[in-house]
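In what follows, a structure is listed as structure tokens, so that the remarks can point back to it.
Please treat every number below as a calculation from the coordinates, not as lab data. All values reported here derive from a predicted model rather than from experimental measurement. So basically every Cβ, Gly included, is an ideal-geometry build from the backbone, and we count neighbours across all protein chains shown.
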Amino acid sequence: MVDGHLSYVLGAVGMPGLTALLGVREKGHVTSGAGQTMVISGASGACGSLAGQIGRLDGCERVVGICGSDEKCQTLVSQLGFTAAVNYKKGDISRALRDSCPNGVDIYFDNVGGPISDTVISQMNSGSHVILCGQISQYNKDVPYPPPLSEKTLEALRCKNITRDRFMVLNYMDKHKEGLELLSQWVKTGQIKVLETVANGIENMGVAFCSMMTGGNFGKQVVKISD
């Protein structure tokens, strides 16, 4: 139970929260006061919505989310403290990202892969870092993990000396206890806001799952089966 919410153990103070925290801290190389810009794809989901807030808490000057609706973009900015948000389903994502990141991108928390990630990487600065967390746009395709990149994107990584290492939260078991304590503290003090989408009743589990898979959720999708 965290701040009166048992469900937070499944999200913000559980594996998604640890993935966001340790991903940012182990692979992001955030330096407070350095004026860095972080971009998060899948930014309205359970992990991405936390990663952006953690990047801000750790000292990023700009935190920009990429998600799939204007409503989600508004929520990221108005409720979670993101500097800006880009709706990838609307307009020219490359131009919108450039407008939101006028000094380029220093850290990219990658949850989606595919063309969105190609676009972000093309705007990353020299010596920047990709946190390779997930590749949800590629999961139903017959490709290895991580999926292969285009030659153009590979060239950008090489020429700009951009790190892009696969991140597995289970490889950092020794840091889980301390991480969960910090996340719990942030939630209790309101430094991290938690988004949840709750479906009531186990009979609605299938509906909730399908909604999550088509982007219907804000934050962690939860099915409540009893009080």
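Quick one: net charge of GLN36's neighbours, Cβ under 10 Å, K/R +1, D/E -1?
It works out to a net charge of -2.
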If unit charges are put on Cβ atoms (+1 for Lys and Arg, -1 for Asp and Glu) and the dipole of the chain is taken about its Cα centre, the option from LEU6, GLY134, MET38 lying farthest towards the positive end turns out to be MET38
Note: probe point = Cα of GLU151 + 7 Å toward Cβ; backbone nitrogen < 19 Å; residues of the range 107-136 passing the test are 115, 118-119, 122
So, with points 7 Å from each Cα along the Cβ direction, the ASP174-THR189 label distance in nm works out to 2.6
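Within the chain, how many Lys pairs sit with Cα atoms under 13 Å apart, leaving out pairs fewer than 8 places apart on the same chain?
Summing the qualifying lysine pairs gives 4.
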In debye to the nearest 20, the charge dipole size for the chain, taken about the Cα centre with +1 at each Lys and Arg Cβ and -1 at each Asp and Glu Cβ, equals 260
Under 5 Å from the placed amide H of GLY65, counting only residues 5+ away or on other chains, we find ILE40, ALA84, ALA85, VAL86
Applying the gyration tensor rule to the Cα atoms of the chain (axes a ≥ b ≥ c; rounded if a/c under 1.5, else prolate if a/b exceeds b/c, else oblate), the class is prolate
To the nearest 0.05, the calculated FRET efficiency linking GLU71 and ASP118 through their beta-carbon distance, R0 being 30 Å, is 0.70
The range 1-118 -> Rg/Rh from Cα coords, Kirkwood Rh, value 0.97
Sorted largest first, the C-alpha extents of the range 149-195 along its principal axes in whole angstrom are 45, 25, 17
Lys and Arg at +1, Asp and Glu at -1: neighbours of THR189 with Cβ under 13 Å from its Cβ sum to 0
When VAL77, VAL222 are ranked with the fewest other C-beta atoms within 10 Å first, the list becomes VAL77, VAL222
